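First up is the structure itself, then whatever we jot down about it.
What follows is calculated from the coordinates using simple rules that are stated; it is not laboratory data. As the structure is a prediction and not an experimental result, all values here were calculated from the model. Virtual Cβ from ideal backbone geometry, glycine too; neighbours counted across all protein chains shown.
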Amino acid sequence: MPSIYYIDGYNVIHHSSLLRPLAEQDFEAAREALIEKVGRFCAITGCQAKVVFDGQGRRTEPITPTPNFPGLEVLYSPGHQSADTVIERIVYLSSDRRSVIVVSADRGIRDLCTGLSALVMAPDNFLATIREADADTRTALERTRRPDSLLRIEQRLDDSTLARLVEIRRKLDH
């Protein structure tokens, strides 16, 4: 079963060396940046992720509008619960906890989820994973943009092998 990430949104923003400085300037921009990064990660890897923010409202409900990324869901916790509580409950009720990865710097949720057999990641480690996935995708795209001549097998053969193939072709043509 593929992995599903449960991300403690505000915790990641506050504990990330990348997002914390942005949050100090514009907290909404930091929240949007996290959502976009996680959404791109889902699109690139095919993983699912739920970003849970400490919230508002009477029940857990999606943010409106939800960003259009496959595999991404953004939630606010109910007004009387923290994002930690929502994530802990989801992990507890999960039928396959070994496919769950919880992203938070909070020691309490990390310990509890580890005890439930889920994996945990620190915010900066998760964001590094996103950067690596982005870099791998960029590299793959760069390869597809090369001119056809660079992708031809003749470009990758050593001189003696190429000379033998040319000789075989010449014989077959005659």
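Points worth noting:
- Each stretch of four or more DSSP H residues adds -39500 (n - 2.57); spread over every residue of the chain, this sum gives -17000 deg cm²/dmol at 222 nm.
- Listed values (i) 15.5; (ii) 17.1; (iii) 18.7, entry calculated as Kirkwood radius over Cα pairs in Å: (iii)
- Neighbourhood charge, 12 Å Cβ-Cβ cut-off, centred on residue 44 and excluding it, Lys, Arg +1 and Asp, Glu -1: +1
- Placing +1 on the Cβ of every Lys and Arg and -1 on the Cβ of every Asp and Glu, with nothing else charged, gives region 4-135 a dipole about its Cα centre of roughly 340 debye.
- Among 25, 81, 48, the largest mean-square fluctuation in a Gaussian network model of the chain (Cα springs under 10 Å) belongs to 25.
- Remark on residue 48: its backbone amide H falls under 5 Å from those of 5, a criterion applied only to residues 5 or more positions apart or on other chains, H modelled at 1.01 Å from N.
- Amide proton proximity set for residue 122, modelled H, under 5 Å, gap of 5+: none
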